[in-house]
1. I'd like to know which of ILE63, TRP81, ILE130 lies farthest towards the positive end of the charge dipole of region 29-143, counting +1 on Cβ of Lys and Arg and -1 on Cβ of Asp and Glu.
2. Provide the packing ranking of 132-141, 103-112, 89-98, i.e. peptides ordered by the mean count of other C-beta atoms within 10 Å per residue, highest first.
3. Packing-wise, with mean Cβ within 10 Å as the measure, how do 292-298, 357-363 rank, highest first?
4. Each label point is 7 Å from the Cα along the Cα-to-Cβ direction; what then is the distance between the points at VAL194 and ASP252, in nm?
5. About the Cα centre, and with charges only on the beta carbon of Lys, Arg (+1) and Asp, Glu (-1), how big is the dipole of the chain? Nearest 20 debye, please.
6. With the Cα gyration tensor of the chain giving a ≥ b ≥ c as the square roots of its eigenvalues, does the rule (a/c under 1.5 for rounded; else a/b larger than b/c for prolate; else oblate) give rounded, prolate or oblate?
7. For region 212-309, what is the accessible area per residue in Å² when the probe is 1.4 Å?
8. Toward the positive end of the charge dipole of region 182-340, about the Cα centre and with charges on Cβ (Lys, Arg +1; Asp, Glu -1), which of VAL291, ALA207, PHE248 goes farthest?
Amino acid sequence: MFGIKKEIQNFSRLEIIFLFAFSLFIFFQCLSIAVANIFLGISIFFAILVLAKKIKKKKINDIYLKIKNNRTWFLIFGFFWAIMLLSALFSGEPIEGAKVFFNTYVFRTFPFFFILLFFDKPKLVFIFLIISIISCALDVIGGYIIAPAGAVRLKGLFGHMMTLAGFLCVSLPLCLSLILNRAQKLPFLIFNLVLFSILAVGLMLNATRGAWLGVIPALFLVGMWFSLKSVKKTMAFIVIAAICASLFCSLDQVQRRVDTITDMAYQSNSERLLMWKSATNMFLDHPVLGVGVGQYADKYQKEYILPEAKERRQKHAHSNIFQMLGQSGAIGLISFVLLFGYIFWFGFKSMWRNKNLYGMLIVSVSMSFFIQGLTEFNFGNSAVVKFYWVALASLIVLSRIKDMKNNEARPA
């Protein structure tokens, strides 16, 4: 399938099982967090076995080399982890804080590093991206089937609008690039068009405004990238954009949601402003390390919730920025901005210097994810952030390989 036989011909039996379990984890990401975590746990077990076998047979040099090639990513994540751990340890509840730190900020990055260290093969990671998109499309279909009569917004199989929105923010730019990328056989083109249609309709029915604000510029970037390459791709993008815009404008439900984006009296907006004010108050009282990793929900409920807040059971700030500010203070926010700053810089450098499609997709997917995160704590959503890390690592592998080929093709 997709010609991967050559890429895995040197894999041991343990590595094949590891790959199979990890692929199943990717497939179930959008379908069931319990099943996905079971296969992620199995993947971790076989990753340990693979490492142990390599150490026993003194074949660990390839892992050392991959760590060296990815040292900047380890340094960036290491700095972020160090700050989050510091915030956890000085939170007043160090044991609980350490548990939350590991689960939220370390464990969820395992898929990212598995891809960089064990599965950095172009066809393998391409399949990972395809599986991820299919998983998201099945989530949309399944969510529609199980939705109760009269449901206002599509929630997906997880039963939460924001989770489905996070999956769509990552999947839609990737799917559009598959349609526009290259000449392809008709069945595969039709398959990609069907996937994109499902995802686009899912985004509209999901009606998450932050996701709309993230996905639209991301799709525009993808469309403009290909539009500059050929007239046919320009026309294809215009047709796709026109159809999506027509559907968007034809749904009264969508129009009503659009009208609320700038309405500060709308409860969802006013409540977010109150939560952000509470997070700011946390920062003012604890400017360096915040209230501590794992302490935000408790501190918010007991000390910082404002009297006028109507939604009194919120446990996070509905914003990555304000969550980091209140939870981990100034240095926590700085480390978060540095992490995503490097991600954007890596993608933009590859896109700008080497005209690299995958660098552009890193920027596009991360833009969509980051913009949605301005009004939602998607960085703290276990399923969504792991979905993003899988896509990002896969694109990093493809981008790096493309850059190497471009550099080799340049005249000395």
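1. Checking the options against the dipole of region 29-143, the answer is ILE63.
2. Working: 132-141: 22.3, 103-112: 18.7, 89-98: 17.0.
So the order, starting with the most tightly packed, is 132-141, 103-112, 89-98.
3. Top to bottom by mean Cβ count within 10 Å: 357-363, 292-298.
4. In this crude spin-label approximation the distance works out to 3.3 nm.
5. Details: 42 positive and 19 negative charges, 373 e Å.
Using Cβ point charges on Lys, Arg, Asp and Glu, the chain gives about 1800 debye.
6. Values: a/c = 1.64, a/b = 1.12, b/c = 1.46.
Because a/c hits 1.5 or more and a/b fails to exceed b/c, the chain counts as oblate.
7. On the way: 5350 Å² over 98 residues.
That works out to 55 Å² for each residue.
8. Result: PHE248, furthest along the dipole toward the positive end.
The values are calculated or read from the model by the stated rules, or taken from the named source; none is laboratory data. Note that this is a predicted model, so its numbers are computed, not measured. Cβ coordinates were reconstructed from backbone atoms using ideal geometry, including for glycine residues, and neighbour counts include every protein chain displayed. These accessible areas exclude ligands, DNA and RNA; they are computed on the full protein's heavy atoms, side chains included. Shrake-Rupley method; radii C 1.70, N 1.55, O 1.52, S 1.80 Å.
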